[in-house]
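One structure below.
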């Protein structure tokens, strides 16, 4: 990827977000490769389990330390984060997800800031309590920019407090070179013991939200040559135990392959390995799983949720199944597994065209770069009005 235009100065971008998330790091990495200066601001109690990325500078702040004095944790968070932001002096502060990070951005008094909503942070968590609704509203209402990766997410953000004029659809985007159609990797199939088997790949984290028990129950109704492939990445031990116990109870333990963490670089091969990709969570805001799968030429079975309808209602309505309905999930899998190759190829071509039109990473991030520059310009303007230092290059 080429760097920024010679006439446009590189930006200093500060990110608040989950430090181990491949999605956050991939987003930030895109802009690092564009020549922008990248800073990650991480709560002091968040462990970083991924290898350091030399493109990113990492800063720690004290986040909501325990205290018996009401309001003191927020004040201490504000002071600590404020010191870090004064040290960095970024052009843009961008929070990935409202929960914790968006609230921290609002508390920081840095203006204007951006928030990207992810899903549960606006679709589930605000409904847990009145306090959560208030925190979400404050963070979104104060943002100078809010983005979401589906129209459903955009509308959920607005309903939760975001200003409509400041809210935009910006998909996380898919690398269309890496996630592309191709033959199933024979070596990987053999290594995983999948020769002669039809593969249903569930790439979602093994956690209650993602309803893997529905996949296991559907598997029990499918022919014996069908196996389910899952990953242990981020798996909750108690949920993994529950899934394995349910598989044993249904007599399908031998038809499940749970592999260790799959590196993001390996994901295209795992998609190409699959006959069907499955994603049936109870809630989802705009899953990259669906888009990466269809970009790779693979059909998908997905929960009948608003964000999934945006992709599948026209492309493949048979792929949408009610949340928690194992019987309907099994029926959809059987339908898709039984399709002739010509029909699969025609659907794959239409799906690929849809991704190229709506979720090309280069286009999505180019739009985000434009929005970043608008925010940075507003910040420079407000600093001049406040008597702060002006950027001479902005004159």
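The Cα center of the range 181-222 and the Cα center of the range 328-358 differ in position by 16 Å. Considering only 293, 184, 160, the mean-square fluctuation computed in a Gaussian network model of the chain, springs between alpha carbons under 10 angstrom, is largest for 184.
Here the range 117-141 and the range 299-314 have alpha carbon centers that stand 24 Å from each other.
A simple packing score, the average count of other Cβ atoms within 10 Å per residue, orders the peptides 350-356, 126-132 as 350-356, 126-132, with the highest score first. Connecting C-alpha atoms closer than 10 Å in a GNM of the chain, tell me which of 261, 327, 37 has the biggest fluctuation. Of 261, 327, 37, the most mobile in the Gaussian network model is 261.
Each of 253, 108 has some number of other Cβ atoms within 10 Å of its Cβ, and from fewest to most they run 253, 108. Within the listed set 74, 139, 14, the Gaussian network model of the chain (springs between alpha-carbon atoms below 10 Å) gives the highest mean-square fluctuation for 74.
If R0 is taken as 30 Å, the Cβ-Cβ distance between residue 180 and residue 87 corresponds to a FRET efficiency of 0.10. Note on the range 186-358: Kirkwood hydrodynamic radius from all Cα pairs is 16.0 Å, rounded to one decimal.
The long axis of helix 326-337 is offset from the longest Cα principal axis of the chain by roughly 80 degrees. Please report the antiparallel percentage of the DSSP beta bridges confined to the range 90-156, to the nearest 5. Given both bridge residues lie in the range 90-156, the antiparallel proportion sits at roughly 0 percent. Computed on the chain, with alpha-carbon pairs under 8 angstrom and 6+ residues apart, the relative contact order is 14 percent. By the count of neighbouring beta-carbon atoms within 10 Å, fewest first, 36, 94 end up ordered 36, 94. What 222 nm value per residue comes from the helices of the chain, counting each DSSP H run with n ≥ 4 as -39,500 (n - 2.57) and dividing by all residues, nearest 500 deg cm²/dmol? Here the helix-only value at 222 nm equals -13000 deg cm²/dmol. Relative to the dominant Cα principal axis of the chain, helix 151-160 is inclined by about 50°. Ranked for footprinting exposure by Cβ neighbours inside 10 Å, fewest first, 372, 113 give 372, 113. Taking the C-alpha atoms only, the angle from helix 306-315 to the longest principal axis of the chain is near 50 degrees.
Coordinate-derived values only; no laboratory data. Worth saying up front: this structure is predicted, and the values here are computed from it rather than measured. A quick note on method: Cβ atoms are made from the backbone with ideal geometry, for glycine too, and the neighbour counts reach across all protein chains shown.
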